[in-house]
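Engineer: First the structure, then my questions, so here it is.
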Amino acid sequence: MKITVGISSCLLGENVRYDGTHKYDAYINEELSKYFEFRPFCPEMAIGLGVPRKKIHLVQLDSGVICVGIENPDMDVTDALIECANTQVSQQNELCGYIFKKGSPSCGTENVKLLIEGDYQKIGQGIFVQQTIKNFPRLPIEEEGRLSDPKIRESFIQRVKAFHKLKMLESEMK
Ligand code: SF4
C-alpha cells in the first residue's frame, strides 16, 4: 500500500506556474512515486490567480509578512493563501507527508526571498506552507531541492513511514 503524501502540483509536471511552465522533478516522479501516492495541490491556482499570472512576493511590514503582487503591491493575497490552507484541512488530514516547491512565496518552506526595506533577504517562508505547518505541526515536510541530498531524502522517507505508522495506531485506538 502506497503512503499518501501531498505535493506542490508543479513538481509533478503540471503547468501551473506563473508563466505556464512546470518544475517536473525526475526523482520524485520516477522513484518516490513507487512508494508514495501523491496528492497534488497548487495554492495559487486554488485562490484563482490563474495561468499565466503576475508574480507575487513576500514583503516584511511592521505588522508582519504579507504576500503581494510585485508589479501591483495593492494585490494582497496573504489572507487568501491562509484561508486556502485552512480549507484544505480535511483533505490534508489524510496526508503522511508533504513535498513543497522551494523558493515559492506560497510553497517554499525556508530561504524564500523576503523584501525588507527595499532589499531581498532569503529568510522567508511561503504563506501557504506556514499555515499548513500551523494546522499540522507533526506532518513531515520537505522541499524538492533538499531531496537530492541522500541523507535528507532517507530521513524524510523514514519520517513519513513513521508518521504513517503512528496515524494507523492512533486510528486503531479510537
Ligand atoms: S510552487 Fe506552489 S504555488 Fe507555485 S506553481 Fe508550484 S504548486 Fe503552485
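Engineer: Expressed in nm to one decimal, what extension gain is obtained for the pair LYS54 and ASN135 from 0.36 nm per residue of sequence separation less their Cα-Cα distance?
Structural biologist: Additional length available on full extension: 26.3 nm.
Engineer: Calculate the dipole size of the range 29-160 relative to its Cα centre from +1 charges on Lys and Arg beta carbons and -1 charges on Asp and Glu beta carbons; express the result in debye to the nearest 20.
Structural biologist: Taking the Cα centre of the range 29-160 as origin, the dipole is about 340 debye.
Engineer: Continuing with this model, one more query. Using the Kirkwood radius built from alpha carbon pairs, what does the Stokes-Einstein equation give as D for the range 4-60 at 25 °C and 0.890 mPa s, in µm² per second?
Structural biologist: D = 201 µm²/s.
Engineer: So, in nm, how far is label SER148 from label GLU94 when the simple model puts each one 7 Å beyond its Cα toward the Cβ?
Structural biologist: Going from the SER148 label point to the GLU94 one covers 3.2 nm.
Engineer: Could you work out the relative contact order of the chain? I mean the mean sequence separation of Cα pairs under 8 Å and 6+ apart, divided by the number of residues, in percent.
Structural biologist: About 19 percent, as a whole number.
Engineer: Further question: With both bridge residues required to lie in the chain, what share of the DSSP beta bridges run antiparallel, to the nearest 5%?
Structural biologist: Here the share of antiparallel DSSP bridges comes out near 50 percent.
Engineer: Pairing the Cα long axis of helix 150-173 with the longest principal axis of the chain, what angle in degrees results, from 0 to 90 and rounded to the nearest 10?
Structural biologist: 70
Engineer: Quick one: what do you get for the chain if you divide its Cα Rg by 2.2 N^0.38 Å?
Structural biologist: Normalised Rg, Cα atoms only: 1.04.
Engineer: Something else now. Would you work out if the range 50-114 is rounded, prolate or oblate? Take a ≥ b ≥ c from the square roots of the eigenvalues of the alpha-carbon gyration tensor; rounded if a/c is under 1.5, else prolate when a/b is larger than b/c, oblate otherwise.
Structural biologist: prolate
Engineer: Okay, next question. Using 0.36 nm times the number of residues separating GLU172 and LYS34, minus their current alpha carbon distance, what extension gain do you get?
Structural biologist: 47.1 nm is the gain from fully extending GLU172 to LYS34.
We did not get these values from a lab; they are worked out from the coordinates using the rules stated. Computed from a prediction, not measured in an experiment: that's the story for all the values here. Positions of Cβ are generated from backbone atoms using ideal geometry, with glycine treated the same way; all protein chains shown enter the neighbour counts.
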